[in-house]
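All remarks here apply to the structure that follows.
The values are calculated or read from the model by the stated rules, or taken from the named source; none is laboratory data. This structure is a prediction, so every number in the text was calculated from the model and none was measured. All Cβ positions, glycine included, derive from the backbone under ideal geometry; neighbour counts span all protein chains shown. The accessibility values were calculated without ligands, DNA or RNA, using every heavy atom of the protein model including side chains. Shrake-Rupley method; radii C 1.70, N 1.55, O 1.52, S 1.80 Å.
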Amino acid sequence: MRIIPAIDLLGGQVVRLFKGDYNRKKIYSDNPLAQAKIFTDAGFDRIHVVDLDGAKTGRFENLSHIAGMIETLGVSVQTGGGIRSFAHIEQLLNAGVSGVICSSLAVRNPDDWLKALETYPGRCILGMDLKDGKMAYGGWLKTSDQPLEEFLQPMTEAGLTDIVCTDISRDGTLEGPNTTLYSKLSRQFPGLNWIASGGVSSPEDLEELRKIGVAGVIVGKAYYEGKISLKELAGKSGKES
């Protein structure tokens, strides 16, 4: 199981939202590059970066910060927020991003999304954000009623392998991950690599997720609030081969 530390950017600052609520943010740093360096110095070679401004506006408001991390630190970055077209995916990949995470695109523009999956195998990650059991998109402000099986089938046929799955009700709450959800999804779709996100609050949570068999877990607020140290995170992380 790979542990990927998270940096959420809003107005150029490192923040965390509570249950995806833009009005309930907490600022942790005014220097995203310095925060990324803390992670790379601890041995992490991939960072999960979300452009929260982009998720609302459809523009890459924080791309300069993301590009700076890649160029200065040589770190692998997977990023999402503001991706609305195939051209946007190409723009991010050309900027050096290792993986693009899309949720709104998959719902609003499935043709471009499927084209991206086929054109860039292994580099397009579905951001499956769940709100009350429904797919959420557009900065978690809208939801879709489409069944997950129906939603995922054309993507897996096009080559989808990785999904970052966030239970919005747990995101930023430190209430523990929704292990029941991740266990169910792993059994229902065993051919996909599930990356859990939301709610992690302790090393024990990470151990539970490891037992379930998820491919990875994204950790943000638990680190920023001092619930899990970088040493503990690095000690429980297994890098991809």
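Summary of values
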read-out	value
Length-normalised contact order for the stretch 64-220 - Cα pairs under 8 Å, 6+ apart - percent	16 percent
Rounded accessible area per residue of the chain, 1.4 Å, Å²	43 Å²
Kirkwood estimate for the stretch 163-223, i.e. one over the average of 1/r between Cα atoms, Å	11.2 Å
Relative contact order (%) - criterion: Cα under 8 Å, at least six apart; region: the stretch 87-128	44 percent
Spin-label pair Asp21/Glu204, simplified geometry with 7 Å Cα→Cβ offset, distance in nm	2.7 nm
Stokes-Einstein diffusion coefficient of the stretch 16-77, Kirkwood radius over Cα pairs, 20 °C, 1.002 mPa s, in µm²/s	170 µm²/s
Separation of alpha-carbon centers, the stretch 42-108 and the stretch 110-183, rounded to whole Å	16 Å
Inter-probe distance in nm under a simple model that places probes 7 Å from Cα toward Cβ, at Gln91 and Phe151	2.5 nm
Percent carbon-and-sulfur accessible area, the chain, ignoring ligands, DNA and RNA, probe 1.4 Å	45 percent
